Amino acid sequence: MKKVFSRPKCLKPAPFHYCPGCGHSIIHRLVAELIDEMGLQGKAICIPPAGCAVLAYNYFDIDVCESAHGRGCAIATGFKRALPDRFVFTYQGDGDMAAIGTAETIHAANRGELITSIFVNNAVYGMTGGQMAPTTMLGQKTTTSPFGRRSKVEGYPLKITDLIAQLDGAAYVARTSVGTPAKILATKKALKKAFEVQLEGLGYTLVEVLSPCPTNWKMTPVDAFKYLQERMEKEYPLQVFKDITAQKKED
Amino acid sequence: MAAKGKITIDQGLCKSCELCITVCPEKAIRIAETFNHRGYHPAEFVLETCRGCSLCATMCPEVAIEVYRG
């Protein structure tokens, strides 16, 4: 029999530290598969966040530079400007990108930096124990919103991907999910598109990936994937917000 | 009829999230009664019906599954 699916080469054979049913490791695998397929291993630089994915350097067999909390896009800007032939991407969570790193992210996008951001949105602060994040949905219970998030007290969920899509510097902005195998393959397609747009030098690219956090949602992995599809994908609809390559074709 | 596909599960990596079981159209995977070294009941492959569709491997968060088809 022929082997049709195996571990990507640039994903080290280390066991993941993530909780059972975590979406991070699925996204790690997709990124590693794309780096293999596109032959980027020698020139890829990953900027992991502070958050659950802080140990990404244990898994990716590529160059990695850890950033201070939220400053991924600023560090990536430096790398890409100093080494313009490299492929630079940040891998950030919702606390990193949409809370402490909002300024860096929005200004990097507005400058049209030639980097890719992979934004993993699981609607809670995962690593610190499930506190409310800017992306927490109304009514969602977390340790710091034990009766559910209320708009009058804690405000509304921050849809940063929608905001970035308005900026002229952004070239490709999309939101995907890891809810089902089909959606995982769609996520891979979106990531591939974002990588290609960066390599063509067209502008800033962002892919938001909705991902479950079974531990902090206090659910089994199977229930968390159901909640992701039934609740979170309704709050954060899956779509391509902006794709300037499609617009160019129309022109 | 002989199986069209087969998978191998690295039971040391498995964390018993059961996602592979929910996506398998042939019900060819189940949870083992034994423990792995981390204390999880790993997924195990039940031969016969697998057709090598790779849905389990696409879903597996631990990249513990390899798929063969032929």
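The values are calculated or read from the model by the stated rules, or taken from the named source; none is laboratory data. What you see is a predicted model; the values in this text were computed from it and never measured. Glycine also receives a Cβ, built like all others from the backbone with ideal geometry; neighbour counts cover every protein chain displayed.
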Residues that are surrounded by fewer than 16 Cβ atoms within 10 Å (Cβ to Cβ), of a type in the set (Asp, Glu) and in contact with a helix residue (DSSP H, G or I) (Cβ under 8 Å, 6 or more places away or on another chain): does the stretch A:225-247 have at least one? no
Inside the stretch A:173-201, can you point out the residues that are touching a Pro at 6+ places or on another chain (Cβ under 9 Å) and more than 13 Å from chain B (Cβ to nearest Cβ)? A:Arg175, A:Gly201
Filter the stretch A:2-17 down to residues that are free of Cβ contacts under 8 Å to residues at least 40 places away in the same chain and facing another protein chain (nearest Cβ under 7 Å) and give me whichever is surrounded by the fewest Cβ atoms within 10 Å (Cβ to Cβ). A:Lys2
Selection from the stretch B:55-70 of residues that are at the interface with chain A (Cβ under 7 Å from one of its Cβ atoms), assigned to a loop (DSSP other than H, G, I, E, B) and closer than 25 Å to A:Ala53 by Cβ: B:Pro61, B:Glu62, B:Val63
Can you tell me which residue within the stretch A:202-224, out of those that are among the β-branched types (Val, Ile, Thr) and within 14 Å of chain B (Cβ to nearest Cβ), is surrounded by the fewest Cβ atoms within 10 Å (Cβ to Cβ)? A:Thr220
Identify the residue in the stretch B:17-45 that is among the hydrophobic types (A, V, I, L, M, F, W, C) and over 21 Å from A:Ser6 (Cβ atoms) and, among all such residues, is nearest to the other protein chains (Cβ to nearest Cβ). B:Ile31
Do we find a residue being out of contact with any Asp or Glu (no Cβ under 8 Å at 6 or more places or on another chain), among the β-branched types (Val, Ile, Thr), at pLDDT below 95 and within 24 Å of A:Thr105 (Cα to Cα) anywhere in the stretch A:205-215? no
Given (1) in contact with a Pro (Cβ under 7 Å, 6 or more places away or on another chain); (2) assigned to a helix (DSSP H, G or I); (3) among the aromatic types (Phe, Trp, Tyr), identify the lone condition not met by A:Phe79. (1)
Here are some conditions: (1) closer than 19 Å to A:Ala194 by Cα; (2) surrounded by 18 or more Cβ atoms within 10 Å (Cβ to Cβ). A:Asp85 meets all but one. Which one does it not meet? (2)
Any residue in the stretch B:1-10 that is in a loop (DSSP other than H, G, I, E, B) and within 18 Å of A:Lys183 (Cα to Cα)? no
If I go through the stretch B:22-49 residue by residue, how many of them are under 22 Å from A:Pro214 (Cα atoms), β-branched (Val, Ile, Thr), surrounded by fewer than 17 Cβ atoms within 10 Å (Cβ to Cβ) and touching a strand residue (DSSP E or B) at 6+ places or on another chain (Cβ under 8 Å)? 1
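A quick yes/no check of all residues on (1) part of a helix (DSSP H, G or I); (2) buried (at least 20 other Cβ atoms within 10 Å of the Cβ); (3) more than 12 Å from chain B (Cβ to nearest Cβ):
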residue: A:Ser25; (1), (2), (3): yes, yes, no
residue: A:Leu30; (1), (2), (3): yes, yes, no
residue: A:Leu34; (1), (2), (3): yes, yes, yes
residue: A:Gly39; (1), (2), (3): no, no, yes
residue: A:Gly42; (1), (2), (3): no, no, yes
residue: A:Cys46; (1), (2), (3): no, yes, yes
residue: A:Val54; (1), (2), (3): yes, no, yes
Tell me the residue from A:Gly155, A:Gly130 that is in contact with a Ser or Thr (Cβ under 8 Å, 6 or more places away or on another chain), over 22 Å from A:Cys73 (Cα atoms) and surrounded by fewer than 24 Cβ atoms within 10 Å (Cβ to Cβ), please. A:Gly130
